[in-house]
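Before any comments, here is the structure.
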Amino acid sequence: MPMFTSLASNSPICANQTATFTLVGTPNAIVTYNINGGTNTTINLNASGNATLATGNLNATTTYNLVSVASNDT
């Protein structure tokens with residue numbers, strides 16, 4: 001079963017600024033998320049189980065919601 005382990009930023013997250021997050025989980029998994037309940041977006045974790053997500057401008061109410069984590073078996 002694929003898993004999502006963590007979401008982290010190595011720099012401060014400030015209002016009205018962009019940020020870069022590192023997602024960690026099962027290698028090659030597909031992570032589906034949305035921002036503030038909007039349209040679902042997917043990102044693929046690489047063979048090491050990592051992905052980088054660059055954000056748009058953030059504010060105090062920006063919420064990233066994890067929707068699902070799926071296997072990338074083809």
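The values are calculated or read from the model by the stated rules, or taken from the named source; none is laboratory data. Values in this document were obtained by computation on a predicted structure and should not be read as measured data. Positions of Cβ are backbone-derived with ideal geometry, glycine not excepted, and every protein chain shown enters the neighbour counts. Keep in mind that these areas ignore ligands, DNA and RNA; they rest on the heavy atoms of the full protein, side chains included. Shrake-Rupley method; radii C 1.70, N 1.55, O 1.52, S 1.80 Å.
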- Message: Conditions first: (1) open to solvent by less than 80 Å² (accessible area, probe 1.4 Å); (2) over 10 Å from the mean Cα position of the chain (by Cα). Residue 73 passes all but one, so which condition is the exception?
- Response: (1)
- Note on the structure: Taking first residues from region 55-74 that are more than 14 Å from residue 7 (Cα to Cα) and second residues anywhere that are open to solvent by 70 Å² or more (accessible area, probe 1.4 Å) and not polar (S, T, N, Q), the pairs with Cβ under 7 Å that are 6 or more apart or on different chains are 58/13; 62/35
- Based on what the data block shows, is residue 8 touching a Ser or Thr at 6+ places or on another chain (Cβ under 9 Å), of a type in the set (Gly, Ala, Ser) and open to solvent by less than 40 Å² (accessible area, probe 1.4 Å)? no
- Task: Hey, can you tell me all the residues within region 1-26 that are assigned to a loop (DSSP other than H, G, I, E, B) and of a type in the set (A, V, I, L, M)?
- Result: 1, 3, 13, 15, 19
- Quick one: in region 11-26, which of the residues that are surrounded by 11 or more Cβ atoms within 10 Å (Cβ to Cβ) and of a type in the set (Ser, Thr, Tyr) is nearest to the chain's Cα centre (by Cα)? 22
- Item | strands (runs of 3 or more DSSP E) contained entirely in region 27-70, each with at least 2 residues that are open to solvent by less than 50 Å² (accessible area, probe 1.4 Å) and hydroxyl-bearing (Ser, Thr, Tyr) | 30-35
- Message: residue 48 - would you say it is more than 10 Å from the chain's Cα centre (by Cα), of a type outside the set (Asp, Glu) and modelled with pLDDT under 90?
- Response: no
- Taking into account only those residues within region 1-28 that are in contact (Cβ under 8 Å) with a residue 60 or more places away in the chain and of a type outside the set (A, V, I, L, M), which is farthest from residue 51 (Cα to Cα)? 2
